[in-house]
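The values are calculated or read from the model by the stated rules, or taken from the named source; none is laboratory data. Here the structure is a predicted model, which means the values were calculated and not measured. In this analysis, Cβ positions are derived from the backbone assuming ideal geometry, glycine residues included, and neighbour counts consider all displayed protein chains. Accessible surface is based on the protein model in full, side chains and every heavy atom, while ligands, DNA and RNA are left aside. Shrake-Rupley method; radii C 1.70, N 1.55, O 1.52, S 1.80 Å.
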Amino acid sequence: MLTRRSALAVSFAATMSTMSSCTKRSDRPLFAADTHPHDYPTVRAVEYMGARLAELTGDRLKLRMYPGGQLGEEKDTLEITVFGGLDLNRVNLAPLNAIAAETIVPTLPFLFRSQSHMRAAMDGAPGRAILNALEPYGLIGLCFYDSGARSFYNTRRPIRTPDDMAGLKIRVQNSDLFVAMVDALGADPTPMSYGEVYQALVQGVVDGAENNWPSFVSSRHYEAAGYYTLTGHVMAPEVLVMSTRAWNRLDETDRAIVRQAAEESVPVMRTLWDQRVRESRDIIAAAGVQVIDTLDQTAFQSRMAPVWDRFVTTPAQRRLVEDILAVENSDA
Ligand code: GTR
């Protein structure tokens, strides 16, 4: 059954494809979607990209952002992007896991050593290979944005070891990898769209979820979940994708400009991100959430071997894992 939001997104997509088939490409802006609110770093970075597009083309290319999940949940807007109803979409890598196997690799638990390792790997050849792997599926990968490290929060009790997670119902993103990961920790994984999690936490439909500092705050999940355990288990970055249909309407010059503007938005996003993480930590501290930061991370990590074995299966994935692990970074 279609939710109200996805119904809205479908009708939006229908209007857009009618518009694009009967107007020239320069007659309307590129439409972009993001699940986060208007002031979130990913939204502001894509808007920055839009401003650069306008500058570089004398207003020929423009971008209009639809933030706050108003066009639907990531899974739905991704489908719409693939069939060309949306031009640009900023999503997490997790909903892409079912589309392109290469996107699973940066989503693997405890893969990256640090944020700077993640940034160095995604800026380099492994990142480029993952973006290119989206092309056969109707998506052009433009750039990666930070998503920090995801950690577990819940409404019930402080989690210090995997055993403390036993029986907790934990919301996960729509990705089999996340389901398997939470399962391996002994909790009960519940895949659910992001927009539904706040109510589910408040009503006790789930006991917890997992996310980075900025999302924990902007989603207001911290108002319901008073325990945040810094497992930092996944550092999968966000990704900005363009519909191949929209891409095909651009000539070579404009494609290069789109790539340039996207690349220029990355350092802008990183500055906004680091600032937002600091602000979010302060908000959590002031709200009295119990932050559990003295924990044995290896106890969580050691449960992940079967998850890696199950999800890293192709030669391309194995090569990516090796290449990412071999990337050196300043704080390694
Ligand atoms: C956030 C991410 C979103 C979405 C969300 C979720 O960190 O930025 O794109 O994936 O997590 O948990 O669904």
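At a glance:
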{"quantity": "From the options Glu79, Glu74, residue that is open to solvent by 20 Å² or more (accessible area, probe 1.4 Å), under 18 Å from Val179 (Cα atoms) and modelled with pLDDT of 95 or more", "calculated": "Glu74"}
{"quantity": "Yes/no for Phe178 being within 21 Å of the chain's Cα centre (by Cα) and part of a helix (DSSP H, G or I)", "calculated": "yes"}
{"quantity": "Lone unmet requirement of (1) touching a strand residue (DSSP E or B) at 6+ places or on another chain (Cβ under 9 Å); (2) within 24 Å of Arg270 (Cβ to Cβ); (3) more than 12 Å from the ligand (Cβ to nearest atom); (4) in contact (Cβ under 8 Å) with a residue 40 or more places away in the chain for Phe83", "calculated": "(2)"}
{"quantity": "Residue check, Pro267 open to solvent by 50 Å² or more (accessible area, probe 1.4 Å), out of contact with any helix residue (DSSP H, G or I) (no Cβ under 6 Å at 6 or more places or on another chain) and within 18 Å of Tyr40 (Cα to Cα)", "calculated": "yes"}
{"quantity": "Filtered residues of region 202-223 (kept if outside any helix (DSSP H, G or I) and more than 9 Å from the ligand (Cβ to nearest atom))", "calculated": "Gln203, Gly204, Val205, Val206, Asp207, Gly208, Arg220"}
{"quantity": "Subset tally (residues that are surrounded by fewer than 23 Cβ atoms within 10 Å (Cβ to Cβ) and either in contact (Cβ under 8 Å) with a residue 24 or more places away in the chain or not assigned by TED's automatic domain parsing to the domain that holds Ala200 (or both)) for region 152-163", "calculated": "7"}
{"quantity": "Residues within region 111-156 that are over 15 Å from the mean Cα position of the chain (by Cα), in a loop (DSSP other than H, G, I, E, B) and within 23 Å of Ile284 (Cβ to Cβ), tallied", "calculated": "4"}
{"quantity": "Residue check, Ala286 open to solvent by 60 Å² or more (accessible area, probe 1.4 Å) and either outside the structural domain of Tyr227 (by TED's automatic domain parsing) or among the aliphatic types (A, V, I, L, M) (or both)", "calculated": "yes"}
{"quantity": "Residue satisfying all of: in region 181-210; open to solvent by less than 10 Å² (accessible area, probe 1.4 Å) and in contact (Cβ under 8 Å) with a residue 60 or more places away in the chain; nearest to the chain's Cα centre (by Cα) among these", "calculated": "Glu210"}
